[in-house]
Each structure stands twice: as C-alpha cells, then as structure tokens.
Amino acid sequence: MNLGLQGKTAVVTGASKGIGLATARALATEGTRVMAAARTPVPGLAGPGRAVSMVQSDLTTLAGAQTLAARAGDVDILVNNLGGVTGASMRAGGSSPSTTTPGTRRSS
C-alpha cells in the first residue's frame, strides 16, 4: 500500500512492543523516517541503513521528553502510544490509586 508518506518524519512513542512496534515498522515500510521512542530498546529495529532510529527515553519524565524533542527535530506524524499511567500523574489529575470512590470497593 502506498500512503504517500515517503520522506516524512514520524515519532512513535511506546514503540518497544505491541501496537507501537507494529506502527513503527509499518511507517518505515512506507518510506517514513521513524523515531521510535521507548524505555526499552528493541534489538534489530534500528541501525545503520534503516529508516528507524531508536530513542531510549522515559517519557513520563521531563528529561525523557526533552531527550526525544532534541533528537526528533521537525515532525510530520506523531503516534502517541504511551502505555501506562503513573501514580504521580493520577494524583495530579485529582485521582489517587490509594483511594476509592464512595460506594465502590478497591480491588487488589
């Protein structure tokens, strides 16, 4: 399939497995320059002569986000596929993993 993405630059977050990894591979197949961001590098995904560059960073931290931004430059496509929610981000949003809503039970 030709999606007309040749020469475009894409950033795919959460690219170490699952949907993120499949998306990074599919975009590379379409001729897109892919920046695959994940905490865990994927052996064989990136390398010399390949359209995929691996950016190892933890995007739940400011330093991780800054690392990715510095490496990515101008981006045409963003696939934001971050996986988990941290306790700190839940508390910042007014929720807490250690509390329950009245009338509900906390599951273990």
Just for the range 42-68: of the residues that are under 21 Å from LEU27 (Cβ atoms) and open to solvent by 70 Å² or more (accessible area, probe 1.4 Å), which one is nearest to the chain's Cα centre (by Cα)? GLN56
Residue list for the range 1-20, restricted to those being within 12 Å of the chain's Cα centre (by Cα) and within 15 Å of ILE77 (Cα to Cα): ALA10, VAL11, VAL12, THR13, GLY14, ALA15, GLY20
Determine whether SER108 is at pLDDT below 90, open to solvent by 90 Å² or more (accessible area, probe 1.4 Å) and of a type in the set (S, T, N, Q). yes
Search result, residues across the range 9-41 that are more than 22 Å from ALA63 (Cβ to Cβ), in contact with a strand residue (DSSP E or B) (Cβ under 6 Å, 6 or more places away or on another chain), open to solvent by 20 Å² or more (accessible area, probe 1.4 Å) and not in a helix (DSSP H, G or I): ARG33
From the list GLY94, GLY83, GLY87, which one is at pLDDT below 90 and open to solvent by less than 50 Å² (accessible area, probe 1.4 Å)? GLY87
What's the total number of residues in the range 45-76 that are closer than 11 Å to VAL34 by Cα, out of contact with any helix residue (DSSP H, G or I) (no Cβ under 8 Å at 6 or more places or on another chain) and in a loop (DSSP other than H, G, I, E, B)? 3
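The values are calculated or read from the model by the stated rules, or taken from the named source; none is laboratory data. Bear in mind that the values here come from a model prediction, so they are computed numbers and not experimental data. No Cβ is skipped: glycine too gets one built from the backbone with ideal geometry, and neighbour counts run over all protein chains shown. Calculation scope for accessible area: heavy atoms of the full protein, side chains included, ligands and nucleic acids excluded. Shrake-Rupley method; radii C 1.70, N 1.55, O 1.52, S 1.80 Å.
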